[in-house]
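The values are calculated or read from the model by the stated rules, or taken from the named source; none is laboratory data. Since the structure is predicted, the reported quantities are computational estimates derived from the model, not experimental observations. Note that we place each Cβ from the backbone using ideal geometry, even for glycine, and neighbour counts take in every protein chain shown.
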Amino acid sequence: MFRIVLVVIFILVSLGCSLNRTSLPNIILISIDTLRADHLGCYGYYRNTSPCLDSLAASGTIFMRCQAQAPHTTPAHASIWTGLSVISHGAGYHKGSDYGLDPDLPTIATVLKEKGYNTIGIVNVSILNNDFGFSSGFDYYSWHENGEGRAGIAFNEYLKWLDENVGNPDPVFALIHLYDVHGPYNPPPPYDRTFTTGGSEGITDWQTDPVSGALLNPEEKDHLIDLYDGEISWVDSQLSRLFSELRQRGLAENTLIIVVADHGEEFLEHRGWGHSHAVWQEMLHVPMIISGPGIPVGAVDVLPSGQFDILPTIADYLEITLENPLDGVSLLDSTARTEYRIIPSSRVSPDKCFRWGLEQYEGLIAVLSGNTKAMINYGIEEPGVMFSLGNDPEEMDSLTLDPHMAEALDQYWTTPPVGCPSVLDAESVNAVLKDLGYVR
Ligand SMILES: [Zn+2]
């Protein structure tokens, strides 16, 4: 890190007072699917994959220990949308049925629409579409089939909306989901060559035996990582273009920008690849950067945080009182955040996920408290284990679960659900998931 690392304890009293309430800021929330934190320069990566995001972090606050609430797209985004843990909101896969986001749950979009915002949603994967309940509260919501929109097209769609609504006096909330970094890794030229060193031409995804699902060519790992990094570099270039376009329109000064990922990606660290099948840190440690009016500049926040903190943070930032209690807390509230706050994650995902034959991983959950992380697969691999991330960040040496962490796991597992997520038609959902490569 080229900047001095500061432990930032936000004193939000001063932040709240610094906003000009007569001119509410525009807000852009960008979710970059499948983006590991540790593949960005601002999180210490050795490659220059992310100059724009590094610059954004330097202009605002970077959250070094953001923990995804799920290693899978639907439940993780539901946590971003609602400020709830996966077990609370219930979106995902449970006991043989798929559940979308309960359309009656308050979300960032419904809260900001109530505040007077125009609400724009642009997503790039089918499982965030209207059928899954993610469009609730949006004035404008468009979805593209599994990444076909690409980052550049998604940003152009947003800029087009801005240009067509220049006279609209209301602030704008835009949620833009990007699917480029998700496999298969096929960045557009020249980013397909930025980090590749030759060999393995034409290979853009993990090759598996069609019967066993076993990996055929693990030696291709480095090539796939090269392409994955190329995708990050491509998305970063488009972010740079977006921010330039906002500056040209005079909108940059009064825009709050939040960048997050839904989950990371495994590159055989624990013998798996891809995501959704486990709760290792390569799948749960995601980037989060916030920059904009009133946000501390050049600050490095090292307290644990989660995706479910985004809604309460936006509400706190805009001085909105939320009626229902959330699992997340405002990142701007120093009294609510502690080193030992429990940050839960769980894999609620199609049990027919073919990878590694993990049909029985529905009960797989993890909790983080300080530098201690515990995980268990209820009903399958009990008792659970824990890891000391300070000494063992790669989670190689499992420790015996202590009573405190066992209790934290049990408390999360028994969290009562909030609302009633709707069951989706299994046939249509499976068709979507098959297209995405999650089921055969
Ligand atoms: Zn995802």
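Only one entry of Gly264, Gly272 meets the criterion of being within 16 Å of the ligand (Cβ to nearest atom), surrounded by fewer than 24 Cβ atoms within 10 Å (Cβ to Cβ) and not polar (S, T, N, Q), and that entry is Gly272. When the stretch 75-109 is filtered for residues that are out of contact with any Ser or Thr (no Cβ under 8 Å at 6 or more places or on another chain), within 16 Å of the ligand (Cβ to nearest atom) and either farther than 23 Å from Leu409 by Cα or modelled with pLDDT under 85 (or both), only Asp98 remains.
Among Ala261, Ala299, Ala278, Ala315, which is the only one that is modelled with pLDDT under 95 and either of a type outside the set (Lys, Arg) or in contact with a His (Cβ under 9 Å, 6 or more places away or on another chain) (or both)? Show your work before the answer.
Values: Ala261 fails: modelled with pLDDT under 95; Ala299 fails: modelled with pLDDT under 95; Ala315 fails: modelled with pLDDT under 95.
Being modelled with pLDDT under 95 and either of a type outside the set (Lys, Arg) or in contact with a His (Cβ under 9 Å, 6 or more places away or on another chain) (or both) holds for just one of Ala261, Ala299, Ala278, Ala315, which is Ala278.
The lone criterion from (1) within 18 Å of Ile27 (Cβ to Cβ); (2) modelled with pLDDT of 95 or more left unmet by Asn156 is number (1). So, in the stretch 23-56, of the ones that are under 25 Å from Ser369 (Cα atoms) and hydrophobic (A, V, I, L, M, F, W, C), which residue ends up nearest to the ligand (Cβ to nearest atom)? The selected residue is Leu35. When Ile289, Ile314 are screened for being closer than 29 Å to Met396 by Cα and either crowded, with 24+ Cβ neighbours inside 10 Å or away from the ligand (no atom under 16 Å from the Cβ) (or both), only Ile289 passes. The C-beta contact set for the stretch 366-380 (first residue surrounded by fewer than 24 Cβ atoms within 10 Å (Cβ to Cβ) and at pLDDT 95 or above, second residue among the polar types (S, T, N, Q) and part of a strand (DSSP E or B), distance under 7 angstrom, 6+ apart or interchain) comprises Asn371/Ser388; Thr372/Ser388.
Could you say which residue among Ile122, Ile127 is among the β-branched types (Val, Ile, Thr), farther than 22 Å from Met283 by Cβ, under 19 Å from the mean Cα position of the chain (by Cα) and crowded, with 18+ Cβ neighbours inside 10 Å? Let's see the steps before the verdict.
On the way: Ile127 fails: farther than 22 Å from Met283 by Cβ.
Of the residues listed, the single one that is among the β-branched types (Val, Ile, Thr), farther than 22 Å from Met283 by Cβ, under 19 Å from the mean Cα position of the chain (by Cα) and crowded, with 18+ Cβ neighbours inside 10 Å is Ile122.
Against the test of being modelled with pLDDT under 90 and surrounded by 19 or more Cβ atoms within 10 Å (Cβ to Cβ), the options Ser349, Ser345 yield a single qualifying residue, Ser349.
With the structure loaded, tell me whether Ala70 is within 15 Å of the ligand (Cβ to nearest atom), crowded, with 21+ Cβ neighbours inside 10 Å, of a type in the set (Gly, Ala, Ser) and touching a residue at least 12 places away in the same chain (Cβ under 8 Å) or whether it fails that test. Judged against the criteria, Ala70 is a match.
Got at least one residue in the stretch 26-33 being over 22 Å from Phe155 (Cα atoms), outside any strand (DSSP E or B) and in contact with a Phe, Trp or Tyr (Cβ under 9 Å, 6 or more places away or on another chain)? Scanning the stretch 26-33 turns up no residue that is over 22 Å from Phe155 (Cα atoms), outside any strand (DSSP E or B) and in contact with a Phe, Trp or Tyr (Cβ under 9 Å, 6 or more places away or on another chain).
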